[in-house]
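Okay, structure first, notes after.
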Amino acid sequence: MIRNMYIRSGELVTILGVKWQIKSKLIKSLRSRLVLLIMITSILPCIVLKETLLKQYEENAVSLKSAEVQNQGTILCNQLSSSNYLEGTASEAINSEILQLSNIYNGRVMVIDSEYRIVKDTFGTEEGKTIISSDVVQCFDGKSTNHYDAKERYIEVTSPIMAGSGKEIIGVVLISISADSILDTLEMLESNANIILGMTVLLLVVIVSFLSNKMVKPFARITQAIEDVTEGYDNDYLKE
């Protein structure tokens, strides 16, 4: 009889130990899932917002810079048209303005005639050569273009040179400028955003850990109640 009681007591200790492990794992698992769920639902929107804002800044900055350069290109085209630049009557004043425009934007300016021949190149390496690109062709068709290449870090715009009558396109001004200022600012903003995001994640970890303990407590009490009922049943069985 005593031996059977020791056996049942040992079995009871084993059962209670297993139940406590299950209870502990259940609570820890529930807490971990709550922490993971809250962290994901909190951090993902922050990451999406960061990427959206950075992309929006880049697009707006490129759009504004392209419009600014396009406007300068249009002004230059009007000067080239009125001075008959493409007819071989180039003046030092016009050449100085072309060079100044190139220096202001840290870029390159090319003047192209109706035969797609480069009349003026501020780099001085392509003059006399023929250039046939999709942007130049579209500009001769009456459509000013702008192109942004983030990988090569430049913005390229084209503006048509109109004849005196304003009905015929006799040339194109192609302006390529550096996008370093935009991309450098973008990198700085991204670095600051990552710092803020990291601080937000740390704060969320602290808050979520605290809240998860509060949220798990009701489940722990329910588990404890079930444990008490089960333990009472086992004790009654042991008395028998």
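The values are calculated or read from the model by the stated rules, or taken from the named source; none is laboratory data. This structure is a prediction, so every number in the text was calculated from the model and none was measured. All Cβ positions, glycine included, derive from the backbone under ideal geometry; neighbour counts span all protein chains shown. Note: accessible area is taken over every heavy atom of the protein model, side chains too, but ligands, DNA and RNA are not part of it. Shrake-Rupley method; radii C 1.70, N 1.55, O 1.52, S 1.80 Å.
With the convex hull constructed from alpha-carbon coordinates only, segment 140-215 shows a mean projected area of 8.9 nm² over all directions. If the viscosity is 0.890 mPa s and the temperature 25 °C, what translational diffusion coefficient in µm²/s does Stokes-Einstein give for segment 71-133 when Rh comes from Kirkwood over Cα pairs? In µm²/s, the coefficient rounds to 205. Phi angles of segment 71-83 translate, via the Karplus equation with coefficients 6.51, -1.76, 1.60 and θ = phi - 60°, into HN-Hα couplings of 5, 5, x, 5, 4, 5, 4, 5, 5, 5, 5, 5, 8 Hz per residue; Gly and Pro are given as x.
Of the peptides 104-113, 122-131, 77-86, how do they stack up when ordered by the mean number of other Cβ atoms within 10 Å, highest first?
Details: 104-113: 19.5, 122-131: 12.0, 77-86: 17.5.
Going by the mean number of other Cβ atoms within 10 Å, highest first, we get 104-113, 77-86, 122-131.
Taking Rh as the Kirkwood radius, which is the inverse of the mean 1/r over Cα pairs, what is the Rg/Rh value for segment 123-176?
Numbers: Rg = 12.4 Å, Rh = 12.2 Å.
Here the Rg-to-Rh quotient is 1.01.
At a probe radius of 1.4 angstrom, the accessible area of segment 72-119 per residue rounds to 53 square angstrom.
Could you work out how much longer the chain between residue 151 and residue 82 gets when fully extended? Use 0.36 nm per residue separation minus the Cα distance between them, nm to one decimal.
On the way: separation 69, 0.36 × 69 = 24.84 nm, distance 3.73 nm.
Net length gain for the segment: 21.1 nm.
Please report the base-10 log of the normalised intensity I(q)/I(0) for segment 92-167, using a Debye sum with one equal scatterer per alpha carbon and no solvent, at each q in 0.13, 0.22, 0.25 (1/Å). Debye output, listed in q order: -0.43, -1.22, -1.41.
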